[in-house]
Amino acid sequence: MTEANRRVAWQREKLKRDLAHLQEQVRVNDDFLKRIPGDPALAERLAQRQMRLIREGSSVLNLKAEPNMQSSPFLLVSVQQPMVMAAYQSTPGRLGKIASDAKFQLYLLGGALLLVAMGLLWDSPSAQTYARPPQD
């Protein structure tokens, strides 16, 4: 049970990090979208970039282009990815491995139910009358 709780806690922490990253990305995207109507130069640059057009009378500056350079407007609103969490590792040790085995858990549960049934039978009134010697 503790192993399952640890796994859930690890997953919760991973989901919290992912949620924080997505909320930051949404905030950056909203700020960017709010700037577009108020900034005609930005809107024009976006349109030119998306349609891969160049305004007449201007030229492209030749730079040493990186092979991964793209013309996507999404690069303007990119947010740094969150740190990658280490993969979950189960509790080491012999007892931890045994306790996480489903077959062992089934046998343990069956044994516990057998002990409960035996306890109920020994405590029943009919068992007490046969177990006691007759009193004079």
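In the list 108, 76, which residue meets the criterion of being open to solvent by 50 Å² or more (accessible area, probe 1.4 Å), modelled with pLDDT of 85 or more and among the hydrophobic types (A, V, I, L, M, F, W, C)?
Criteria check complete, one pass: 108.
Which members of segment 1-20 meet the condition of being farther than 30 Å from residue 109 by Cβ and open to solvent by 100 Å² or more (accessible area, probe 1.4 Å)?
If the condition is that a residue be farther than 30 Å from residue 109 by Cβ and open to solvent by 100 Å² or more (accessible area, probe 1.4 Å), then 15, 16 are the ones that fit.
When segment 75-98 is examined, which residues are found to be within 28 Å of residue 11 (Cβ to Cβ) and over 24 Å from the mean Cα position of the chain (by Cα)?
Those that are within 28 Å of residue 11 (Cβ to Cβ) and over 24 Å from the mean Cα position of the chain (by Cα): 93, 94, 95, 98.
When residues of segment 32-56 are filtered for being in contact (Cβ under 8 Å) with a residue 24 or more places away in the chain and either of a type in the set (Phe, Trp, Tyr) or open to solvent by 70 Å² or more (accessible area, probe 1.4 Å) (or both), how many remain?
Of the residues in segment 32-56, 2 are in contact (Cβ under 8 Å) with a residue 24 or more places away in the chain and either of a type in the set (Phe, Trp, Tyr) or open to solvent by 70 Å² or more (accessible area, probe 1.4 Å) (or both).
Among the numbered conditions (1) assigned to a helix (DSSP H, G or I); (2) open to solvent by less than 70 Å² (accessible area, probe 1.4 Å), tell me where residue 23 comes up short.
(2)
The values are calculated or read from the model by the stated rules, or taken from the named source; none is laboratory data. Everything quoted here is computed from the prediction, not taken from an experiment. Note: ideal-geometry Cβ built from the backbone for every residue, glycine included; neighbour counts use all protein chains shown. These area figures cover heavy atoms from the full protein model, side chains too; ligands, DNA and RNA do not enter into them. Shrake-Rupley method; radii C 1.70, N 1.55, O 1.52, S 1.80 Å.
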